[in-house]
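Derivation of every value follows stated rules applied to the coordinates shown; laboratory data play no part. Everything numeric here is computed off the predicted structure, so don't read it as measured data. Every residue, glycine among them, receives a Cβ derived from its backbone with ideal geometry; neighbour counts consider all protein chains shown.
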Number of protein chains: 2
Amino acid sequence: MPRPSRWPELLHAAGQEFREHGYEQATLEGIAARLGILKGSIYNYVSSKEELLLAVVEQPARALLDELESLRADTESGVAVRLRELVRMQIRIFSEYYPAAFVYLQHLGHLEASPQFAEFKQMDARYMAAVEALVAEGAANGEFSLAAEPRVVARAIVGMIDWMQHWFTPHGEEEDLRLADQLFALALGGLAAGGSMRAMLGALPDPLTRIEVETRR
Amino acid sequence: MPRPSRWPELLHAAGQEFREHGYEQATLEGIAARLGILKGSIYNYVSSKEELLLAVVEQPARALLDELESLRADTESGVAVRLRELVRMQIRIFSEYYPAAFVYLQHLGHLEASPQFAEFKQMDARYMAAVEALVAEGAANGEFSLAAEPRVVARAIVGMIDWMQHWFTPHGEEEDLRLADQLFALALGGLAAGGSMRAMLGALPDPLTRIEVETRR
DNA sequence: TCGGTTGCCAAACATTGGTTTGCCAACGGG
DNA sequence: CCCGTTGGCAAACCAATGTTTGGCAACCGA
């Protein structure tokens with residue numbers, strides 16, 4: 001029988017297991033079982049469990065920063081448009097790298113704590129700073145009219161999105177986009193967005209097509 | 001030397017330790033060390049580590065539901081006012097039961113997974129349902145004009161608040177209230193809340209007094 | 001065909017950390 | 001004053017699980 005490198009499989013299996021049980025609870029045995037191998041064999045690919053977590057989480061994290069960079073390059077669009085793109089992007093990446101991105105969000109704490117991941121802490125800080133700058137820019141040029149400090153606004157928006165892991169499971173691109181635009185509309189116009197503000201929001205997604213929601217929060 | 005029951009101390013120590021290291025990483029030894037006793041001695045108070053987590057988390061969880069109940073009893077105030085109270089309440093409880101409430105939010109997943117905590121899962125579901133109902137009521141009576149489904153709106157608001165654990169550490173009642181009202185203003189009016197919507201928001205908190213923010217997100 | 005490399009098995013290892021047990025000192029009500 | 005209760009110590013127990021080691025079979029390029 002053929003013997004291709006099963007590294008992608010391993011990554012996938014680890015992602016699944018980490019998502020279902022969390023990093024601590026997940027066992028190398030469980031991960032290995034998904035490939036039909038023994039736990040010891042995993043050490044042909046990585047030299048520790050934590051390194052496996054790193055590998056899983058690296059892809060979505062890097063994708064996030066990469067796209068953020070290209071978003072920064074966009075100096076033509078208005079701030080609101082760029083913010084919408086940011087929201088869309090984050091949800092798209094969440095879906096695209098699904099189990100991995102979920103794990104990333106879920107273990108931000110662990111990642112930032114471990115000295116192994118100083119790099120991630122930095123990546124995260126840069127991401128947060130970018131969002132904050134975007135908000136501040138909008139406030140400065142008059143597109144936004146903030147009722148709260150930019151730092152707080154930025155964190156609230158990011159939180160709204162990041163908490164999504166608890167109640168949303170990706171089902172497809174169309175739904176992802178719909179959800180992203182709903183969240184963006186909410187961020188932009190709040191609970192009153194349907195009224196007088198509707199005009200400046202542009203075409204809003206159809207609220208009649210229900211978005212799937214998990215029980216957990 | 002006197003021998004008072006050190007149960008409160010234990011609860012406090014456990015809360016601290018769970019917050020700093022997370023439930024899995026925290027060790028009974030570490031908790032015991034805070035009291036100057038041995039880990040085995042903890043079993044005079046609880047019969048398992050998980051029971052200790054339960055005990056820590058029970059207070060804030062129950063407080064949350066209790067206050068939610070009294071909020072439901074309020075049928076006089078408008079929906080917006082009740083929603084503001086809800087936001088204030090959640091942040092107040094977060095601060096009041098600080099280490100414990102933090103642990104509660106951080107381990108929602110673990111709690112809901114463990115069969116031990118079926119009760120909590122139910123509590124959480126009821127809480128979420130209440131928020132959703134509030135949003136829907138506001139949409140129905142015209143106070144709100146939603147740009148997204150009530151389920152999504154409710155979850156976004158709750159997420160915005162719950163994610164707070166990652167960047168906010170309580171420093172005092174005044175600041176708590178200020179933060180709560182900023183978040184509420186954001187939920188109600190979004191990024192444009194300072195403009196045309198300012199009137200209907202009433203007295204907004206002074207955005208000049210900076211709110212302390214942690215580095216993490 | 002041959003030598004090295006790869007991927008895995010099989011089993012043992014080590015250590016952490018939750019849990020159990022038996023005992024003892026101090027306290028406090030009757 | 002005495003006995004039951006409480007809270008803690010000391011040490012052992014034990015299970016889970018991350019990690020190591022040595023070997024072997026399949027594959028591959030030369």
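Think of chain A as a dipole: +1 on every Lys or Arg Cβ, -1 on every Asp or Glu Cβ, centred on the Cα centre; then among A:ALA55, A:TRP167, A:LEU186, A:TRP167 lies furthest on the positive end. With distances taken between every two different alpha-carbon atoms, chain A has a Kirkwood hydrodynamic radius of 19.0 Å.
Ignore the peptide's own chain and count Cβ atoms of other chains within 10 Å of each Cβ in A:159-170; give me the average, rounded. All intermediate terms of the calculation are to be shown ahead of the outcome.
Numbers: counts 14, 11, 4, 6, 12, 5, 2, 9, 8, 3, 0, 0.
Mean inter-chain Cβ contacts per residue within 10 Å come to 6.
For chain A, the longest principal axis of the Cα atoms and the long axis of helix A:118-140 meet at an angle of about 10 degrees.
Using only Cα atoms, locate the centre of segment B:85-108 and the centre of segment B:1-80, then give the distance between them in Å, rounded to an integer. Answer, in whole Å: 13. This model, with +1 at the C-beta of Lys and Arg and -1 at the C-beta of Asp and Glu, gives the protein assembly as shown a dipole about its Cα centre of some 400 debye. Packing, as the average of other Cβ atoms within 10 Å across residues, places the peptides A:66-72, B:98-104 in the order B:98-104, A:66-72, highest first. Around A:GLN116, what is the net charge, scoring Lys/Arg as +1 and Asp/Glu as -1 over all other residues with Cβ under 11 Å from its Cβ? So the surrounding residues net to -3. Please state the shape class of segment B:100-184: rounded when a/c is under 1.5, otherwise prolate if a/b exceeds b/c and oblate if not, all from the C-alpha gyration tensor. Verdict is oblate for segment B:100-184. Taking every alpha-carbon pair in segment A:37-91 and binning the separations at 5 Å intervals from zero gives 4, 16, 20, 14, 10, 9, 9, 7, 6, 4, 2 percent.
Taken along the Cα-to-beta-carbon direction at a fixed 7 Å, the label points for A:GLN25 and B:GLN25 span 1.8 nm.
Give the calculated FRET efficiency between A:GLU9 and A:GLU212 to the nearest 0.05, with a Förster radius of 30 Å applied to their Cβ-Cβ distance. Write down the numbers at each step before the final one.
Details: r = 28 Å, r/R0 = 0.93.
Once rounded, the FRET efficiency stands at 0.60.
Computed from the C-alpha gyration tensor, the three semi-axes of the ellipsoid equivalent to segment B:1-45 are 19, 11, 8 Å, from longest to shortest. Protection proxy ranking, highest mean first, for peptides A:41-47, A:131-137: A:131-137, A:41-47, where packing is the per-residue count of other beta-carbon atoms within 10 Å, averaged. Couplings 3J(HN,Hα) for segment A:79-96, derived from phi with the Karplus relation 6.51 cos²θ - 1.76 cosθ + 1.60 (θ = phi - 60°), are 4, 4, 4, 5, 5, 4, 4, 4, 5, 4, 4, 5, 6, 4, 5, 3, 6, 4 Hz, where x marks Gly and Pro.
Each peptide among A:84-94, B:168-178 gets the average number of other Cβ atoms lying within 10 Å of its residues, and from highest to lowest they stand as A:84-94, B:168-178.
Only helical DSSP H runs with n ≥ 4 go in: add -39500 (n - 2.57) per run for chain A, normalise by residue count and round the 222 nm mean residue ellipticity to 500 deg cm²/dmol. Calculated from helices alone, the mean residue ellipticity at 222 nm is -21000 deg cm²/dmol.
Within 10 Å of the Cβ of each residue in A:124-132, the mean number of Cβ atoms contributed by other protein chains is 2. When every Cα-Cα distance of segment B:88-137 is counted in 5 angstrom steps from zero, the calculated P(r) takes the values 4, 19, 20, 25, 20, 9, 2 percent. Kirkwood hydrodynamic radius of the protein assembly as shown, from the reciprocal of the average inverse Cα-Cα distance over all distinct pairs: 23.0 Å. The fewest-to-most ranking of B:ILE31, A:ILE211, A:ILE37 by surrounding Cβ atoms within 10 Å reads A:ILE37, A:ILE211, B:ILE31. Each label was represented as a point 7 Å from its Cα along the Cα-to-Cβ direction; for A:LEU65 and B:GLU50 these points are 3.8 nm apart.
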